[in-house]
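This report concerns only the one structure given below.
The values are calculated or read from the model by the stated rules, or taken from the named source; none is laboratory data. Nothing here was measured: the structure is a model prediction, and the numbers come from that model. Don't worry about glycine lacking a Cβ; one is built from the backbone with ideal geometry, like all the others, and counts go over all protein chains shown.
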Amino acid sequence: MRMDRIKLPNKRYGTLPEAGGIYEIAALADMLEENGKKIYHLEIGRPDFDSPQIAKDAAKEALDRGFVHYPDTRGILQLRQALSRKLKRENRMEVSPDDVLITIGAQTGIMAIMLTILDEGDEVIIPTPCFGPYAEDCRLLGGVVVPAPCAMEDGFTLKASNIEPLVTGRTKIIVVNSPNNPTGAVIPRFELEKIAEIAKKHDLLVVSDECYERFIYAGEHASIASLPGMDDRTITVGTASKTYSMTGWRLGYMSLPSWLTNHVGRTHRGLAICAASFAQYGYASALDNAEEDVIKMLNEYRERRNIVTGYLERMEDIDFATPDGAFYIFPSIKRTGISSPEFCRYILEEAGVAIVPGEAFEAPGFVRIAYCQPKEHLTEAMELMRSALSKLKVKNRVLLPEKYESEEKNVLRSKAARGSNYQGHDEKVRHRNENN
Ligand SMILES: Cc1ncc(COP(=O)(O)O)c(C=O)c1O
């Protein structure tokens with residue numbers, strides 16, 4: 001069906017990338033799996049652990065006690081109090097429960113912030129490689145993405161000296177994400193101090209996404225909001241998804257300067273009303289009682305990281321920086337001579353290993369490996385990847401099997417896109433042509 005009045009994409013929706021995203025590779029992986037191929041899912045940042053039992057028990061109990069209605073739209077007090085304690089204990093931040101908002105995962109928090117703050121043409125400094133939605137949300141709202149490049153040679157760490165020249169009269173926000181998705185880079189405290197000075201000097205808001213704060217293998221996590229003079233100009237974003245392996249519960253939070261809380265809260269209410277009531281009891285319980293679960297996950301991730309880096313070190317034409325945090329690694333595949341989408345499709349079809357092209361993170365030439373799988377799976381996946389890579393003939397350039405040489409020949413991809421919720425590039429183009 002089509003409607004003449006409705007022209008897709010509209011100005012905003014049309015800013016979303018057409019291809020190259022995580023869900024596109026996931027759809028292709030699913031299709032191959034349905035056709036009987038063994039697939040190793042290293043594409044989505046979805047921890048494989050069960051959620052803490054203590055969280056499940058508390059959520060079940062809340063359900064049984066009848067907490068099935070709209071709660072306080074800011075989030076239940078018990079959870080906001082638990083987060084206020086956690087921010088003091090772990091992040092050296094003094095935040096009243098009144099300035100904590102519970103969101104539908106960190107994702108709606110980030111959107112609510114940008115919706116509240118940005119006018120068309122406003123600039124957001126985003127360290128790249130970056131979590132795709134920062135840039136997507138900004139563009140969707142008519143904002144301008146100003147990338148602050150983080151080089152692999154520097155371990156992908158954000159450097160304050162790269163930020164200052166980017167500040168203009170239209171800059172509103174600096175995004176900080178440590179540990180970083182997709183690189184795993186951790187920003188050292190001294191660098192955060194310099195970034196804080198820039199924010200103060202130019203009167204900028206900092207949005208600090210600390211979703212991976214508990215997964216650090218070297219160095220320490222520091223919250224920029226805890227630095228002198230920063231609590232009034234920083235929004236800290238966090239989530240239950242990663243720390244407690246609770247991605248499906250859809251719970252995150254923001255800690256805000258008091259002058260912003262009601263405004264961003266109103267926007268979030270417009271987007272989502274509130275987060276699920278009974279689930280919030282589970283998150284509150286995890287914050288107070290699930291430290292052992294977190295430590296177990298941290299130790300396991302550290303071992304997994306070592307497995308992956310061990311294999312990458314032995315792979316020809318692959319360069320990488322060892323990540324200090326999160327559960328991702330972001331190798332450069334530039335020396336293979338092929339593009340990252342081609343590389344990912346080759347590795348998926350040849351080795352059955354699903355990984356994501358750097359384009360999804362504003363960084364072509366790289367791929368993201370998420371080590372959210374058990375060690376045995378990771379070992380098998382990396383072994384298969386190593387052997388697929390060694391099949392590539394290297395002369396002056398890489399000669400791939402014929403089917404990978406041309407975009408047009410790759411029918412598999414469009415088939416996969418059709419068979420999933422993700423509407424892939426080919427379909428979107430067809431859709432657009434039909435509408436124009
Ligand atoms: C850096 C970062 N921020 C935010 C999110 C969103 O997480 P959620 O909405 O599940 O809390 C993710 C998810 O992968 C992420 O990597």
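Does Lys7 satisfy the condition of being within 26 Å of the chain's Cα centre (by Cα), modelled with pLDDT under 95 and in a loop (DSSP other than H, G, I, E, B)?
On the way: within 26 Å of the chain's Cα centre (by Cα): no; modelled with pLDDT under 95: yes; in a loop (DSSP other than H, G, I, E, B): yes.
Spelling it out, it is not the case that Lys7 is within 26 Å of the chain's Cα centre (by Cα), modelled with pLDDT under 95 and in a loop (DSSP other than H, G, I, E, B).
Hand me the list of helices (runs of 4 or more DSSP H) wholly inside the stretch 188-272 holding 3 or more residues that are away from the ligand (no atom under 16 Å from the Cβ).
Details: elements: 189-202, 240-243, 258-272.
Passing ranges, in order: 189-202, 258-272.
Going through the stretch 241-272 one residue at a time, which ones are of a type outside the set (A, V, I, L, M, F, W, C) and surrounded by 24 or more Cβ atoms within 10 Å (Cβ to Cβ)? Give the derivation first.
The first filter runs over the stretch 241-272 and keeps only residues of a type outside the set (A, V, I, L, M, F, W, C), leaving 241-245, 247-248, 250, 252-253, 255, 257-258, 261-263, 265-270.
Hits for the stretch 241-272 are Lys242, Thr243, Tyr244, Gly252, Tyr253, Ser255, His268.
Val145 fails exactly one of the following numbered conditions: (1) among the β-branched types (Val, Ile, Thr); (2) surrounded by 21 or more Cβ atoms within 10 Å (Cβ to Cβ); (3) within 16 Å of the ligand (Cβ to nearest atom). What is the number of that condition?
Single failed check for Val145: (2).
Find the residue count for the stretch 314-361, including only residues that are among the charged types (D, E, K, R) and without any contact (Cβ under 8 Å) to a residue 40 or more places away in the chain. Outline the logic, then answer.
To start, the set of residues in the stretch 314-361 that are among the charged types (D, E, K, R) comprises 314, 316-317, 319, 324, 334-335, 342, 345, 349-350, 359.
If we keep only those that are without any contact (Cβ under 8 Å) to a residue 40 or more places away in the chain as well, we get 334-335.
Total satisfying the criteria: 2.
Taking the stretch 190-210 as the region of interest, how many residues are within 21 Å of Asp98 (Cα to Cα) and either not acidic (Asp, Glu) or not assigned by TED's automatic domain parsing to the domain that holds Arg250 (or both)?
Taking the stretch 190-210 first, the residues within 21 Å of Asp98 (Cα to Cα) are 205-210.
Next, only the ones that are either not acidic (Asp, Glu) or not assigned by TED's automatic domain parsing to the domain that holds Arg250 (or both) stay: 205-208.
Number of matching residues: 4.
Note down all Cβ pairs under 7 Å where the first residue falls in the stretch 233-260 and is more than 13 Å from Leu287 (Cα to Cα), the second is among the acidic types (Asp, Glu) and within 14 Å of the ligand (Cβ to nearest atom), and they're at least six residues apart or on different chains.
As it stands, the answer is Thr236/Glu210; Val237/Asp209; Val237/Glu210, since those pairs meet every condition given.
Taking into account only those residues within the stretch 50-65 that are part of a loop (DSSP other than H, G, I, E, B) and crowded, with 16+ Cβ neighbours inside 10 Å, which is nearest to the ligand (Cβ to nearest atom)? First the steps, then the outcome.
As a first pass, look at the stretch 50-65 and keep what is part of a loop (DSSP other than H, G, I, E, B): 50-52, 65.
If we keep only those that are crowded, with 16+ Cβ neighbours inside 10 Å too, we end up with 51-52.
Values: Ser51: 13, Pro52: 16 Å.
Filtering first and then ranking leaves Ser51.
If I ask for residues that are among the hydrophobic types (A, V, I, L, M, F, W, C) and either in the same structural domain as Tyr23 (by TED's automatic domain parsing) or in contact with a strand residue (DSSP E or B) (Cβ under 6 Å, 6 or more places away or on another chain) (or both), which ones from the stretch 132-151 would you list? Show your work before the answer.
Restricting attention to the stretch 132-151, the residues satisfying the condition of being among the hydrophobic types (A, V, I, L, M, F, W, C) are 135, 138, 140-141, 144-146, 148, 150-151.
Across the stretch 132-151, the qualifying residues are Ala135, Cys138, Val144, Val145, Val146, Ala148, Cys150.
Out of the stretch 81-115, which residues are among the basic types (Lys, Arg), in contact (Cβ under 8 Å) with a residue 60 or more places away in the chain and either more than 16 Å from the ligand (Cβ to nearest atom) or on the phi > 0 side of the Ramachandran plot (or both)? Don't jump to the end; show me each part of the working.
Narrowing the stretch 81-115 to residues among the basic types (Lys, Arg): 85-86, 88-89, 92.
If we keep only those that are in contact (Cβ under 8 Å) with a residue 60 or more places away in the chain as well, we get 85-86, 92.
Within the stretch 81-115, Arg85, Arg92 meet the criteria.
Can you name the number of the only condition in (1) away from the ligand (no atom under 16 Å from the Cβ); (2) buried (at least 20 other Cβ atoms within 10 Å of the Cβ); (3) among the hydrophobic types (A, V, I, L, M, F, W, C); (4) not assigned by TED's automatic domain parsing to the domain that holds His263 that Leu32 fails?
Answer for Leu32: the failing condition is (2).
I'm told Gly45 meets every condition in (1) modelled with pLDDT of 95 or more; (2) crowded, with 16+ Cβ neighbours inside 10 Å; (3) of a type outside the set (A, V, I, L, M, F, W, C); (4) outside the structural domain of Pro257 (by TED's automatic domain parsing) except one. Can you identify the failing condition by its number?
Here Gly45 clears every test but (1).
Can you name every residue in the stretch 87-139 that is over 13 Å from the mean Cα position of the chain (by Cα), among the hydrophobic types (A, V, I, L, M, F, W, C) and part of a loop (DSSP other than H, G, I, E, B)?
Met93, Val95, Ile104, Leu118, listed by residue number.
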